[in-house]
Amino acid sequence: MTLCFDIGGTRIKYAKIDKQYNIEYLNIIQTPKNIDEFKNTIQEILSKNNEKNIGFCVAGIVDYNSKTVKHSPNMLFLNNFSFSEFEQQNIHLEVENDANAACLNSYRIHKVNNMIHITLGTGLGGGVIVDGKLLKSSISVFEVGHISVNINGKRCGCNNRGCIEQYSGAKHILEFANKNNVFDSLENIFSNYRKNNSYKRIVDRFAQTLGIIIADLINIFGSDLIVFSGGMANNFETFKEKLISTVKRRSFVYRIKPCNFAVDKNPDLEGLLGIASIFNEELYG
């Protein structure tokens, strides 16, 4: 049994997961706003559960050797915090970036040795599997949302300019919609895609922007499968046609060797299940 944590800027999900990926227990709590409260909350949960395998996935860059969060843009209090504080004798503890954990879960399900997982939410995240191994160095890598697409573009939270997530993230899509006098929810914009030309223009622009970065990734990795998760992935059938046509036009590798596309069926639990896979199947690079 593994005690798994998915630590986000708003909520912490934690669960006990067995070797068959059955969830024995699941709970969701609000994310604390300072480091002392965070440490006390986690320690209290650990004390109540007494598991030997403990895994954390967190939105931020992870240093694997020290098990430290080097930078977490939405939880600044975690910057330079080491989860090794929670290690005790006979405890096996692992820490992973949340998008990498989602990627591990996709690999566990699809068993495609060369694949990419993309998270579509407020920003853009992801992980990549190469020859059956998660791509990583001494720190978590594949910060795909921070690939620059505009040299003088919008300032990003990472302090760069023109990052792709500033043009494809949910926040940007709504900003673009407002500039075009559309003041509706993303759900309604996508669901009314074929009924309203303004909505179609918004969705097509998103699909084209996403398609460009996917084409670039296929050119680099030659992946056989792209899996999407996150809130906007639920609208995949709406933007699929424009996305794939953009990829086909932009990626000569795709034209030589087309890849498949899929949507995560259980995005709310992907981080937890991905962390469990590290212990259950040793799915680590």
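The values are calculated or read from the model by the stated rules, or taken from the named source; none is laboratory data. In this text the structure is predicted, and so the values were computed from the model without any measurement. Because the Cβ atoms are built from the backbone with ideal geometry, glycine has one as well, and the counts that use them run over all protein chains shown. Heavy atoms of the whole protein, side chains included, go into the accessibility calculation; ligands, DNA and RNA do not. Shrake-Rupley method; radii C 1.70, N 1.55, O 1.52, S 1.80 Å.
Show me, for the stretch 29-34, the HN-Hα J-couplings you get by feeding each phi into the Karplus relation (A = 6.51, B = -1.76, C = 1.60, θ = phi - 60°), rounded to Hz, glycine and proline as x.
Once rounded to whole Hz, the list reads 10, 6, 6, x, 10, 8.
Which percent, nearest 5, of DSSP beta bridges in the chain are antiparallel?
In the chain, DSSP labels about 60 percent of beta bridges as antiparallel.
To the nearest 20 debye, what is the magnitude of the charge dipole of the chain about its Cα centre, counting +1 on the Cβ of each Lys and Arg and -1 on the Cβ of each Asp and Glu?
Roughly 1280 debye, rounded to the nearest 20.
Helix-only estimate, please: 222 nm mean residue ellipticity of the chain, summing -39500 (n - 2.57) across DSSP H runs of length 4 or more and dividing by its residues, to the nearest 500.
Counting only the DSSP helices, I get -11000 deg cm²/dmol.
Determine ³J(HN,Hα), in whole Hz, for all residues of the stretch 234-241 in sequence, where each value follows from phi through the Karplus function 6.51 cos²θ - 1.76 cosθ + 1.60 and θ = phi - 60°; x replaces Gly and Pro.
Karplus-based 3J(HN,Hα) across the stretch 234-241 equals 5, 9, 4, 4, 6, 9, 4, 4 Hz.
Between Lys154 and residues 5 or more places away or on another chain, which pairs have amide H atoms under 5 Å apart, with H built 1.01 Å from N, and which residues are they?
Those qualifying (amide H under 5 Å, at least 5 residues apart or on another chain) are Gly162.
Can you run phi through the Karplus equation (6.51, -1.76, 1.60; θ = phi - 60°) for the stretch 161-169 and list ³J(HN,Hα) in whole Hz, with x for Gly and Pro?
10, x, 5, 4, 5, 6, 10, 10, x
Please work out the C-alpha center-to-center distance from the stretch 1-45 to the stretch 69-137 and express it in whole Å.
15
Report, to the nearest whole %, how much of the accessible area of the stretch 90-170 belongs to carbon and sulfur atoms, 1.4 Å probe, protein only.
47
Quick check for you: with a 1.4 Å probe and neighbouring chains kept, what is the accessible area per residue of the chain, in Å²?
Ligands and nucleic acids excluded, the result is 47 Å² per residue.
Of the residues Lys171, Lys242, Lys257, which exhibits the maximal mean-square fluctuation in a Gaussian network model of the chain defined by a 10 Å Cα contact cut-off?
The residue that fluctuates most here is Lys257.
Which of the chymotrypsin sites (Phe, Trp or Tyr not before Pro) across the stretch 137-179 are loop residues per DSSP, with 16 or fewer other Cβ within 10 Å?
When the chymotrypsin sites (Phe, Trp or Tyr not before Pro) of the stretch 137-179 are filtered for loop state and at most 16 Cβ neighbours within 10 Å, nothing remains.
Taking the square root of 5 times each eigenvalue of the Cα gyration tensor, what semi-axes in Å does the equivalent ellipsoid of the stretch 144-285 have, largest first?
So the three semi-axes of the stretch 144-285 are 26, 19, 18 Å.
At 1.4 Å probe size, with no ligands or nucleic acids counted, give the accessible surface of Glu237 in Å², nearest ten.
140
Counting only protein heavy atoms and using a 1.4 Å probe, what share of the accessible area of the stretch 1-86 belongs to carbon plus sulfur, as a whole percent?
Summing carbon and sulfur atoms, their accessible area is 44 percent of the total for the stretch 1-86.
I'd like to compare 221-228, 183-190, 58-65: which one has the highest average count of other Cβ atoms within 10 Å, and what's the full order after that?
In descending order of packing, they fall as 221-228, 58-65, 183-190.
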